[in-house]
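Only the coordinates and a few stated rules stand behind these numbers; no lab work does. Since the structure is predicted, the reported quantities are computational estimates derived from the model, not experimental observations. Note that each Cβ is placed from the backbone with ideal geometry, even for glycine, and that neighbours are counted across all protein chains shown.
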Amino acid sequence: MPPMAGRPALSDHSGPTSEAEHLRRRVERLQAVVEASELVNSTLDVPEIARRVVELATSLIGADRGSLFLVDGDGETLHALVAHGVEAGTLSVRRGEGIVGTVAAEGTPILLDDPYSDPRFDPAVDRRTGYRTRSLLTVPVRDRERNLVAVLQLLNHHRGHFDAEDVEFLEELAVPFALGLTTARLHREIVRRERMEEELRLAGEIQRTLRPRELGDVPGLELASWDVPCREVGGDYYDVIPARGGSRWWLVMADISGKGVSAGLIASNLQAYLWSRRNDRRSLRRIVAESNDLLCRLARGHKFATLVLAEWDPEDRTLRWIGAGHPPMLVLRGEEVLSLESTGCPVGLIPGSTWEEGCVTLQQGDMVLMYTDGVPEAGMGELDEEFGQERLVEAVRGATSCSEVLHRMRRAVEAFQGSAEFDDDVTALCFSPRPSGRDPELADGEGRRP
């Protein structure tokens, strides 16, 4: 959590709070994050997204009013998109001016119990409306690339002041909200184009900006990726997410049923959910179960996804994973290849489904290959024969680096495919622990030879 200006220390909720009350409030706020994620998939109307998120924040935190200031194209001006009690279009601030402008410039939340005592606070709006601001919480809203997209401000907490739990909730809520704002803004640019081909090309660009760019930035892991969407917008999704407060890493591979824009929207929604849960302390089983229930609600049986969610712990070199109907991960150990099988059904098919969790300890030099079914099923449509799992295993056996694994895979698939077009998205991610001087054994009973 970033440091906050305007208050030397954050206090807890005033008065004793029962464990049941704390859990109830936590459940309500988690549901609000899910609702915000649903909103991202249901509308591209920026004012509607802003209005709904401000309403969620003010209601669940217990604030009297809320405002949301959207960063203008030049990055120097913020215009009020939502402002309770004031006509939104009449409010604008420059970066660095007032509380909102300071948050935009410095990028850290500001929490004030007595705004009038802070020289950065401008009481002009209070004087104009007859309103009295007694407590104030203002936070930046950033997209995945850490670019500022908006500033959210809440006024007058019902119990007298805001606290650290309120800031934490707004940070969780900001993840799907920022994604929704970014997607909606880019879509408004897309729809200005007259031709459908141009619209789809830009949609593909939007999707590509949501993929990890700097795979070399993950401490302790060598990574390489390969993806070929069969249309401008693909339904495959892979990601590398810092998790558990930065002590672990999530490696994600998913394949949404169907193709094109509808599959891409579901993939973006799944990504928003996983990023919002990256610091959740619950087990992978609970996180996947919650994503299943979310997808069931969103798609109503029309879409599902196969998924691998793997958690790498660099401290003890363990890889915990859940495979939801997805092709098995392969552990490459010299000439030996082990298969980490799926541990349950795809997500989005059956509400209330459960999954088992697998665990493997990686040795020095091991490489793990994740891929979508577009790899083993390559060539099936036009050639009436698929590339298959056996060809995949033989292609990558004996590789000595992640980049070599993907080079061999790509060369073998393209040679098999020939001039035929891919009729499904093809995506692969390979990762390996960097040298650390340790050489643990593979956990007993984990994995099997394909």
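Under a 5 Å amide H cut-off, with hydrogens placed 1.01 Å from N, S339 pairs with V331, R448, R449 among residues at least 5 apart or on other chains. Ranking L148, F69, V34 by Cα position along the charge dipole of the stretch 19-184, where only Lys, Arg, Asp and Glu carry charges on their C-beta atoms, puts F69 farthest toward the positive end.
Residues whose amide H falls under 5 Å from that of R248, counting only those 5 or more places apart or on a different chain, are A243, with hydrogens built in the peptide plane. For the peptides 158-168, 319-329, 102-112, the ranking by mean Cβ contacts within 10 Å, running from highest to lowest, is 319-329, 102-112, 158-168. Per Stokes-Einstein, at 10 °C and 1.306 mPa s, what whole-number D in µm² s⁻¹ belongs to the stretch 19-184, with the Kirkwood radius over Cα pairs as the hydrodynamic radius? Diffusion coefficient, whole number: 100 µm²/s. For a paramagnetic label modelled on E385 (point 7 Å from Cα along Cα→Cβ), amide N atoms under 20 Å away belong, within the stretch 399-433, to 409-424. The value of relative contact order for the stretch 75-135, using C-alpha pairs under 8 Å at least six residues apart, is 24 percent.
Convert 10 °C to kelvin, take the viscosity as 1.306 mPa s, use the Kirkwood radius over C-alpha pairs of the stretch 215-433 as Rh, and evaluate the Stokes-Einstein diffusion coefficient in µm²/s, rounded to a whole number.
For the chosen part, D equals 91 µm²/s.
For A150, the amide hydrogen comes within under 5 Å of the amide hydrogens of V71, V141, counting only partners 5 or more places away or on other chains and with H modelled in the peptide plane.
Using the Karplus relation 6.51 cos²θ - 1.76 cosθ + 1.60 with θ = phi - 60°, the per-residue 3J(HN,Hα) values for the stretch 126-138 come to 4, 5, 5, 9, x, 8, 10, 7, 9, 9, 8, 9, 10 Hz, with x marking Gly and Pro.
Computed from backbone phi with θ = phi - 60° and the Karplus coefficients 6.51, -1.76 and 1.60, the 3J(HN,Hα) list for the stretch 158-175 is 5, 9, x, 7, 8, 9, 4, 5, 5, 5, 4, 5, 5, 5, 5, 5, 5, 5 Hz; x is used for glycine and proline. Taking every C-alpha pair closer than 8 Å and separated by at least 6 residues, the mean separation divided by the residue count of the stretch 215-433 gives a relative contact order of 25 percent. So the label point goes 7 Å from the Cα of E21 along Cα→C-beta, right? Which residues of the stretch 134-155 then have their backbone N under 19 Å from it? The answer is none, because no backbone nitrogen lies closer than 19 Å to the label point. Taken along the Cα-to-beta-carbon direction at a fixed 7 Å, the label points for R244 and E97 span 4.8 nm.
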